[in-house]
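Visitor: Please read through the structure below; I'll follow up with questions.
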Amino acid sequence: MKKDIQKEHNDNIIKQFSKQAIPFTKIKGHYDSIDTIISISEVSQNSTVLDIACGTGIVTCEFAKYAKNVIGLDITQDMLTQAIKIQEEKELTNIKFDLGNVESLPYESNSFDIVFTRYSFHHFLDTKKVFEEMIRVCKPNGKIIVVDVALKNEYAKAYNHMEKLRDPSHTKALTFDEFDILFSNDTLLNHKQSSYKVEVELDNQLKASFPNNGDEDKIREIFKNDIKANRLGMNTHFKDDKIYFSYPITIFMADTIV
């Protein structure tokens with residue numbers, strides 16, 4: 001039964017992100033704070049990097065400018081097709097893109113200096129399993145980095161309801177408390193955090209999303225009601241007669257023990 005649920009969820013992700021593959025690369029917010037990620041990762045010319053759930057390879061390609069070798073893994077072939085196009089445009093020869101599943105990474109233990117993922121954990125059914133896989137394939141004295149929305153507890157219910165409407169492959173954004181539990185793993189130390197916000201205009205975000213029929217109107221109503229209430233924790237506001245909001249992103253990082 002659990003395998004059936006996982007397969008159904010994975011199929012949903014593939015369906016959603018096959019549609020989102022091209023518009024995903026056009027959202028300006030997806031390029032925000034990449035320099036901060038690269039800096040905090042301490043990537044070097046000797047580093048081997050794994051980017052799981054890499055999507056269209058935006059960050060994968062940026063890592064490749066500084067690392068020895070980079071692998072990007074994703075479950076959606078259409079996303080990887082776009083990633084390869086970006087790689088070719090940038091003339092990066094030290095990247096390999098693999099089609100695969102994050103719940104069982106197809107790599108040997110202790111293989112990478114940096115194991116990274118961005119904007120993906122809110123799509124996973126079993127975040128603990130994925131996180132343990134990231135640790136497994138990371139070398140001793142390597143780095144585990146997760147970049148995603150992190151919520152205060154009081155915003156979680158409203159935020160996850162909205163995101164599930166906008167993107168049916170969304171499971172749940174983790175709270176800070178839940179990320180703390182993940183990173184309390186005995187094999188990790190030297191924990192660090194850095195936060196930033198990604199401002200998005202609602203119409204542009206909806207153009208790049210594929211909610212179920214009828215849900216777009218519900219989403220618009222949620223944001224209109226949130227302008228004064230801020231139940232989503234996204235600082236929803238009007239600007240130039242349009243609705244804007246900000247995704248609260250946190251970079252979580254820790255070293256693996258020697």
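Visitor: From the residues in the range 64-91 that are in a loop (DSSP other than H, G, I, E, B) and out of contact with any Ser or Thr (no Cβ under 9 Å at 6 or more places or on another chain), which one is nearest to S18 (Cα to Cα)?
Guide: Of the range 64-91, the ones in a loop (DSSP other than H, G, I, E, B) are 65-68, 75-76, 91.
Subsequent filtering for residues that are out of contact with any Ser or Thr (no Cβ under 9 Å at 6 or more places or on another chain) retains 65, 75, 91.
Details: K65: 27, I75: 10, E91: 24 Å.
Applying the filter and picking the extreme gives I75.
Visitor: Could you please tell me which pairs satisfy a Cβ distance under 6 Å, a separation of 6+ or placement on different chains, a first residue in the range 223-234 that is in a loop (DSSP other than H, G, I, E, B), and a second residue that is at pLDDT 95 or above and among the small types (G, A, S)?
Guide: R231/A158; L232/A158; M234/S246
Visitor: E103 fails exactly one of the following numbered conditions: (1) touching a Leu at 6+ places or on another chain (Cβ under 7 Å); (2) surrounded by fewer than 17 Cβ atoms within 10 Å (Cβ to Cβ). What is the number of that condition?
Guide: Here E103 clears every test but (1).
Visitor: Consider the range 34-61. How many of its residues are within 13 Å of the chain's Cα centre (by Cα) and either open to solvent by 10 Å² or more (accessible area, probe 1.4 Å) or acidic (D, E) (or both)?
Guide: Qualifying residue count for the region: 5.
Visitor: In the range 140-174, what residues are open to solvent by less than 10 Å² (accessible area, probe 1.4 Å), of a type in the set (S, T, Y) and modelled with pLDDT of 95 or more?
Guide: Once the filter is applied, which keeps residues that are open to solvent by less than 10 Å² (accessible area, probe 1.4 Å), of a type in the set (S, T, Y) and modelled with pLDDT of 95 or more, the range 140-174 yields only Y159.
Visitor: Just one of the numbered conditions (1) closer than 20 Å to D255 by Cβ; (2) aliphatic (A, V, I, L, M); (3) free of Cβ contacts under 8 Å to residues at least 24 places away in the same chain is not true of A156; which one?
Guide: All conditions are met except number (1).
Visitor: Now a separate question. Would a scan of the range 241-251 turn up a residue that is within 18 Å of the chain's Cα centre (by Cα), modelled with pLDDT of 95 or more, closer than 30 Å to I144 by Cα and assigned to a loop (DSSP other than H, G, I, E, B)?
Guide: no
Visitor: If I ask for residues that are in a strand (DSSP E or B) and either without any contact (Cβ under 8 Å) to a residue 40 or more places away in the chain or surrounded by fewer than 18 Cβ atoms within 10 Å (Cβ to Cβ) (or both), which ones from the range 176-191 would you list?
Guide: L189, N190, H191
Visitor: Right, here's the next one. Let me confirm something: among K26, K19, which residue is at pLDDT below 75, part of a loop (DSSP other than H, G, I, E, B) and farther than 12 Å from I114 by Cα?
Guide: The unique qualifying residue is K26.
Visitor: Right, here's the next one. Could you please let me know if L105 is assigned to a loop (DSSP other than H, G, I, E, B) and in contact (Cβ under 8 Å) with a residue 24 or more places away in the chain?
Guide: Judged against the criteria, L105 is a match.
The values are calculated or read from the model by the stated rules, or taken from the named source; none is laboratory data. Bear in mind that the values here come from a model prediction, so they are computed numbers and not experimental data. When we count neighbours, we look across all protein chains shown, and the Cβ atoms used for this are built from the backbone with ideal geometry, even at glycine. Heads up: the accessible areas ignore ligands, DNA and RNA and are worked out on the full protein's heavy atoms, side chains in. Shrake-Rupley method; radii C 1.70, N 1.55, O 1.52, S 1.80 Å.
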